[in-house]
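Presented below is the structure to which this report refers.
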Amino acid sequence: MKQNWWKILGAVLVLYSIISGFIFPVPAQAILHETIRNLYFHVPMWFSMMTILGVSAVYSIKYLSNSKFDNDIVAAQAANVGMLLGILGLTTGSMWARYTWGAWWVADVKLNGVAVSMLIYLAYFILRGSIDEEQKRARISAVYNIFAFVLYIVFIMVLPRLNDSLHPGNGGNPGFNKYDLDSTMRTVFYPAVLGWILIAVWVMTLRIRTERLKRKTLFNE
Amino acid sequence: MIDQIKYLILKEFKLELRNKYALGGILLYVVSTVFVSYLSFKKIIVPATWNALFWIILLFASINGVAKSFIGETRGRLLYMYTLASPQAVIISKIIYNSILLLVISGLCLLVYSLFVGSLIQDIPLFLIVLTLGSFGFASLLTMVSAIASKSNNNFTLMAILSFPILMPLLIVLIKLSKNAIDGLENWDLNYLMVLMFINVIIIALSYLLFRYLWRD
């Protein structure tokens, strides 16, 4: 129980953010109207995705430095959960885009950024799938994971300087924190971010435990 | 280290000259791709299209040209090389050799493309600088990806899918800068040139650091 407090905290925070996200008052904005509530669900996905992908890259570095197979399991499962969060973020964002910008997909730097991250991690899984030998797979995919993650960070840092974005806070659009994110919204938004990160980590640890058990039964330990 | 790099590069050149069909093949690939696009487009007068098509042709030619650097090596030759040289020397020499190869390819591509499809470039010095930096960047990134892909089972497909998404930051800056060169803007955008060099440095540093984990089976 002592080790599990953060899981309970995560569940409570997400539950709180869902309930209060739908019933707390929000500022009335043109165009956005009630869709502003999507902020509590769409934005935390990106925070947790970047956290989890960071975890994946760190464990890939750890694998290369000590060759412990467990680190590879963590790196792979973290990438898996990162993909899931990316898909969720994309879905929620796509719906939001439909009702505010008028299309499911628009040509926007942030959308291109996430599309590239999806391609990178799909390629990562195909690379993993195409190498049979376990140690070799772990080593090669760790190298690719680090290589790709660093270039991806460069990409999302470089890209916004090249084009304007439709997202708040870019290209002359007012940022959310300036006007819209009033103090009521903050009381929901920050817990939501923390809660979703915790839930993401929880999902990741569950997947890691399943993988470890699968390995154990495989080797009859 | 420097000696090793020198000998490894010499080795690459000797091998390339010994079977000329590989180099000839890739150069012919560039010419025929350009000719195909010439037959489908005739003359291109829209700068954005000209630019995009040029870089796409160059991208595919580069992938084909660099792919063989590790995928084409036989296992025995790699093993022999690894007993003689340090991993850093191997990757650096391959990167330098591939950069030279891609400079040749991109030069030829620009020449043939301008001849058939028409030249729209107004600021030729800038375009040449961008092309040179682009060749270095493509070469270093694709060499590393070729090393990764060569370890897997279906390496040619993998070469493309592994390299496309991580090539994006490089490609997007290159296209932006070469568009500036085509439009002949008054001032060179030093910011983007810096970003381009920064990406090149990052790729080379990562390859230098990571290759040692890659080379031995």
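Can you grab the distance from the C-alpha centre of the range A:8-33 to the C-alpha centre of the range A:203-217, Å, no decimals? Cα centroid of the range A:8-33 versus Cα centroid of the range A:203-217: 33 Å apart.
Applied to the range B:47-62, the Karplus parametrisation 6.51 cos²θ - 1.76 cosθ + 1.60 on θ = phi - 60° returns per-residue 3J(HN,Hα) values of x, 4, 5, 3, 4, 4, 4, 4, 6, 5, 4, 5, 4, 5, 4, 4 Hz, with x for Gly and Pro.
Along the axis of the charge dipole computed for chain A (Cβ charges of +1 for Lys and Arg, -1 for Asp and Glu, origin at the Cα centre), the listed residues A:Ile73, A:Met49, A:Val116 are led at the positive end by A:Ile73. When chain A is treated as a Gaussian network with alpha carbon springs shorter than 10 Å, the biggest mean-square fluctuation among A:Ile31, A:Ile18, A:Ile87 belongs to A:Ile31. Note on A:123-129: average number of Cβ atoms from other chains within 10 Å of each residue's Cβ is 4.
Across chain B, the longest piece that holds none of the trypsin sites (Lys or Arg not before Pro) lying in DSSP loops with up to 13 other C-beta atoms within 10 Å covers B:44-215. Across the range B:68-76, computed HN-Hα scalar couplings (Karplus, 6.51 cos²θ - 1.76 cosθ + 1.60, θ = phi - 60°) run 6, 4, 10, 5, x, 5, 7, 4, x Hz from first to last residue, x flagging Gly and Pro. Summing Cβ point charges (Lys, Arg +1; Asp, Glu -1) relative to the Cα centre of the protein assembly as shown gives a dipole of roughly 1180 debye. Between A:Ser94 and A:Thr210, the contour length at 0.36 nm per residue exceeds the Cα-Cα span by 38.6 nm. Near B:Phe138, within a Cβ-to-Cβ distance under 15 Å, what is the net charge of the other residues, with Lys and Arg +1 and Asp and Glu -1? Local charge sum for B:Phe138: +2. Scalar couplings 3J(HN,Hα) for the range A:72-86, obtained by applying the Karplus form with A = 6.51, B = -1.76, C = 1.60 to θ = phi - 60°, are 5, 4, 4, 4, 5, 5, 5, 4, 4, 5, x, 4, 4, 5, x Hz; x denotes Gly and Pro.
Note on the range A:41-213: with charges restricted to the Cβ of Lys and Arg (+1) and Asp and Glu (-1), its dipole about the Cα centre is near 200 debye. Between A:Tyr99, A:Tyr124, A:Tyr63, the Gaussian network model of chain A with springs among Cα atoms under 10 angstrom shows the greatest mean-square fluctuation at A:Tyr99. For the set A:Lys110/B:Lys43; B:Lys14/B:Lys68; A:Lys136/A:Lys214; B:Lys68/B:Lys176; A:Lys7/A:Lys110, the pairs lying more than 24 angstrom apart at their alpha carbons are A:Lys110/B:Lys43; B:Lys68/B:Lys176; A:Lys7/A:Lys110. Here the extension length gained between B:Thr74 and B:Met197 equals 41.0 nm, from 0.36 nm per residue of separation less the Cα-Cα distance.
If you wrap the Cα atoms of the range B:2-213 in a convex hull and average its projected area over all directions, you get 11.9 nm².
Label sites at A:Ile153 and B:Thr157, each approximated as a point 7 angstrom past Cα along Cα to Cβ, lie 3.2 nm apart.
Here the range B:2-213 is assigned +1 on the Cβ of each Lys and Arg and -1 on the Cβ of each Asp and Glu. Its dipole about the Cα centre then comes out at about 720 debye.
Modelled this way, with points 7 Å down the Cα-to-C-beta line, the labels at B:Lys42 and B:Ser119 are 2.3 nm from one another. The alpha-carbon positions of the protein assembly as shown define a convex hull whose volume is 172 Å³ per residue. Positive-end ranking of B:Thr83, A:Val201, A:Met83 along the dipole of the protein assembly as shown, with charges on Cβ about the Cα centre, is headed by B:Thr83. Mean separation of Cα pairs under 8 Å and 6 or more residues apart, divided by the residue count, gives the range B:2-213 a relative contact order of 29 percent.
Rule-based calculations on the coordinates, nothing more; no lab input. Here the structure is a predicted model, which means the values were calculated and not measured. Positions of Cβ are generated from backbone atoms using ideal geometry, with glycine treated the same way; all protein chains shown enter the neighbour counts.
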